[in-house]
Structure formats: C-alpha cells, structure tokens
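Here is the structure we will look at, set down as structure tokens.
The values are calculated or read from the model by the stated rules, or taken from the named source; none is laboratory data. Since we're looking at a predicted model, the values are computed, not measured. Here the Cβ is made from the backbone with ideal geometry for all residues, glycine too, and neighbour counts use every protein chain on show.
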Amino acid sequence: MRETVLRLERLTKDYGSLRAVDNVTLEVFAGECFGFLGPNGAGKTTTIGMILGLLYPTSGRVVVLGEEVTPTRNAALRAVGALVGAPGFYPYLSARENLRLLARVMPEVDTARVDEVLAFVGLDPSAARRAVKTYSTGMKQRLGLAAALLHRPRLLILDEPTNGLDPIGMAEMRQRLRMLVEQGVTVFLSSHLLHEVEQICDRVAILNHGRIVAQGAVTTLLANHRDLEDVFIAVVGEQGERRM
Ligand SMILES: Nc1ncnc2c1ncn2[C@@H]1O[C@H](COP(=O)(O)OP(=O)(O)O)[C@@H](O)[C@H]1O
Ligand SMILES: [Mg+2]
C-alpha cells in the first residue's frame, strides 16, 4: 500500500456564518501530484492555511506524515515546503543572499544547496546576484519555489503557483513541478486552471463552495469526459464554469 503523506479528515472552516471549507476528506499518497481544483472562492487557500498550521480548523483534522498539524502542533511541517501567495524577500538583497539568510536556520542546508536550488529553478548565477527588487513576477515566483525547496521537503504545497505568470513562465513552472514529482517529491497543487492541473496531476479533487464535488484519478475522470473542464461543468454547472 502506498504511504499517505497528507490526510484531511472532515476538515471544516467557518468564517463567522460562512462555511468556507465544508467537510473535506482526502488523501495524498507519496510520490503523486495531487490537484486541488476549484473556482475563486471555493476554499482552496483556506484549506491550505489549515494544512500549513496557519489557521485552526473549526472541526476535522489535518494529518501530515501521520502527525496532526495545528497552529500549536506543527512539527510534521518540517517535511513540508510551501509556495503560497507572493512570498516576501528582502528587496535590496540578491536571491542568493535571501536564500543564504533563510538557510541559516536550517542546519542541513549549506551554500552548495542554495546554489543547487537556484540552478534548479533557473535563476542563473548572474540573475541570482541581482537585488530581488529588480526581479520580474516570474523571477520572484522562481525564487519562491527555490526557497520552498531549500530544506528538501517531502511534500510541496503550492497555492496557485502560476498566478501572474506569462504563458512561458507557466509552462516552466509546470515542467519544474513535473521534474520534482519524478524526483519523488509529493506535490499538492491548488489551481483554478483545469488545463494546468490536467497536465501535471495524477489525481484531483474538485472543490466548489467549500465542498469536494468530484475526486479521482485524472485518467478515470477523463474516461467519461472530454477534458477536466467538461468534468467541472458536469459537477458544478454553468455558474461555476463561468467563474473559473
Ligand atoms: N479571513 C477571511 N474572513 C472571512 N472570509 C474569508 C476569509 N478568507 C476567505 N474568506 C472567504 O472564504 C471563502 C473561501 O476563500 P478562499 O479559501 O480564499 O478560496 P480560494 O482560495 O479557493 O479562492 C470565500 O468566500 C472567501 O471570501
Ligand atoms: Mg486562493
């Protein structure tokens, strides 16, 4: 049986009277790319906030590598890397200097590892020596991925990582995520872009108004539908489709 890296058990989050995440149960297995798909406002970022121990669930549990994660109990997150929103870096320092600063609190990360992740994300040595304030959105996102990978996480969580990227930047990000999966990293990828998820992920859960409305292997879901967009329209309907 495959090892479960991430398990969400009846995870629920209310903001006042709004139920943003409603009874979400799913499992992510070692070595797969899991797509967490849903339109804006579906509850993806809220779910990821609970996975990363930034928010308390209203009810239900997050379990990472067999250990529950909450804002006060998050030792399991040592095995997790995350790229959520636009990560903050010191603008007057270079990419390399920013990563070396982060690495100071990571005993197992040395300068060679900093250079390795910079090369992996495609920030060549001359770019990596420039101040981050001169970077394009795409370069900042690559640096964000480099920072997330620094400590060799087993599980990588990405919240809409291609937001704001041009088509080439999006394709590069997808290619790097595929390479990471080939290297054995487990990837949990949230996206409102069906096409993107279809290209990289093995299994997906489709979220709408906080609830999982479809879940399964991409190949199984596609067996009865033309593409994931078709699956989405079938389960969510016109209204959801327009907001994608
Ligand atoms: N801090 C918050 N307070 C109140 N409502 C929120 C908060 N964050 C998100 N929401 C609401 O919760 C729902 C889910 O939001 P979110 O998790 O950001 O969805 P997604 O990431 O899928 O776009 C939305 O209706 C959003 O407006
Ligand atoms: Mg979001």
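Brief remarks follow.
- So Arg242, is it outside any strand (DSSP E or B) and at pLDDT below 80: yes
- Residue list for the stretch 14-62, restricted to those being charged (D, E, K, R) and either within 14 Å of ligand 2 (Cβ to nearest atom) or crowded, with 20+ Cβ neighbours inside 10 Å (or both): Lys44
- Residues within the stretch 160-170 that are away from ligand 2 (no atom under 16 Å from the Cβ) and surrounded by 14 or more Cβ atoms within 10 Å (Cβ to Cβ), tallied: 2
- Test: residue in the stretch 94-105 that is within 16 Å of ligand 1 (Cβ to nearest atom), assigned to a helix (DSSP H, G or I) and either basic (Lys, Arg) or at pLDDT below 95 (or both): no
- Picking from residues in the stretch 118-159 that are surrounded by fewer than 18 Cβ atoms within 10 Å (Cβ to Cβ) and β-branched (Val, Ile, Thr), the one that is nearest to Ser191 (Cα to Cα) is Thr137.
- In the stretch 191-213, the residues that are farther than 19 Å from Thr46 by Cβ, hydrophobic (A, V, I, L, M, F, W, C) and not in a loop (DSSP other than H, G, I, E, B): Leu194, Ile200
- Extreme residue, farthest from ligand 1 (Cβ to nearest atom), among residues of the stretch 171-180 that are of a type in the set (A, V, I, L, M) and crowded, with 18+ Cβ neighbours inside 10 Å: Leu180
- Those strands (runs of 3 or more DSSP E) of the stretch 3-71 in which 1 or more residues are within 15 Å of ligand 1 (Cβ to nearest atom) and more than 24 Å from His192 (Cβ to Cβ) are absent.
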